[in-house]
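**Student:** Before we start, here is the structure in question, set down as structure tokens.
The values are calculated or read from the model by the stated rules, or taken from the named source; none is laboratory data. As the structure is a computational prediction, the values presented were derived from the model and not from experiment. No Cβ is skipped: glycine too gets one built from the backbone with ideal geometry, and neighbour counts run over all protein chains shown. These area figures cover heavy atoms from the full protein model, side chains too; ligands, DNA and RNA do not enter into them. Shrake-Rupley method; radii C 1.70, N 1.55, O 1.52, S 1.80 Å.
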Amino acid sequence: MKQVRFQEATSVATDSNDNVYVFNRGLFPLIIFDKDGNYIGHWGEGEFDRPHGIRVDDNDDLFLIDDIGHIVQKRSKEGEIIFTIGERGKAAEWQGGDYFNRPTDVAIDRETSDIFVSDGYGNSRVHKFNKDGEHILSWGEPGSDPGKFSLPHNIALTKDKKIIVADRENFRLQIFDCDGNFIDQWHVHHPM
């Protein structure tokens, strides 16, 4: 059995075959295991500045969030780049509203393939893109009122088309529709 080491595994996702993809900050940024934990392979050396998040869509394509690289990439399971949103190494203005300044997570609409990105560390926004990575809209700004954020760290889309954003430093989850309209908020301790 081959021993594989990685450091700071920031996120994990599985594909339709239950293969496990570990996005981490070690020498091999993406390490792949089968459902029994057997090593399958790795890729991504030198291609990421600081891995942060990963999601797998219904086609088994990977969405990889590189927060310090200021990009979200859609890649095949083999590592082929399908498209990149943002420009690697080029941050949007701090809290300026454009994408990206240290993005954190992504959610994908299973019906439309729209992409929702929480842009958290250097921007208090959620950005919506179409299936080809073209920008549709953005919402949010720094603050603590409903619809504002202090580090939107994680994002999820429910079956009934509600966007849930972990507004980490405001200690709450905020709920929106897919057009960014505020619906509700739930206060919790340090949502991740």
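**Student:** When the chain is fully extended, how far beyond the present Cα-Cα distance does ASP58 get from LYS90, taking 0.36 nm per residue of separation?
**Tutor:** 8.5 nm
**Student:** Compute the length gained on full extension between ALA156 and ASN17: take 0.36 nm times their separation in residues and subtract their Cα-Cα distance, giving the result in nm to one decimal.
**Tutor:** 47.8 nm
**Student:** Sum up the charges of everything whose Cβ sits under 9 Å from the Cβ of SER76, counting Lys and Arg as +1 and Asp and Glu as -1, but leave SER76 out.
**Tutor:** Around SER76, the surrounding residues sum to -1.
**Student:** Return the Rg/Rh ratio of region 1-105 with Cα-based radii and a Kirkwood Rh.
**Tutor:** Result: Rg/Rh = 0.99.
**Student:** Within the chain, which is the longest segment containing none of the GluC sites (Glu not before Pro) that sit in a DSSP loop and have at most 15 other Cβ atoms within 10 Å?
**Tutor:** 135-192
**Student:** Moving on. Per residue, how many Å² of accessible area does the chain show with a 1.4 Å probe?
**Tutor:** Result: 49 Å² per residue.
**Student:** Cα-based Rg (one decimal) and Dmax (whole number) for region 122-192, in Å?
**Tutor:** Reported Rg and Dmax, both Å: 11.5, 36.
**Student:** May I ask for the longest run of the chain untouched by trypsin sites (Lys or Arg not before Pro) that are loop-located per DSSP and have at most 15 neighbouring C-beta atoms (other than their own) within 10 Å?
**Tutor:** Longest site-free region, per DSSP loop and neighbour criteria: 36-87.
**Student:** Using the Cα atoms of region 35-183, I'd like the radius of gyration and the largest Cα-Cα distance, Dmax, both in angstrom.
**Tutor:** For region 35-183, the Cα radius of gyration and maximum Cα-Cα distance read 15.0, 47 Å.
**Student:** Based on the Cβ-Cβ distance from GLU80 to LEU137, what FRET efficiency comes out when R0 is 41 Å, to the nearest 0.05?
**Tutor:** Taking R0 as 41 Å, the efficiency between GLU80 and LEU137 is 0.90.
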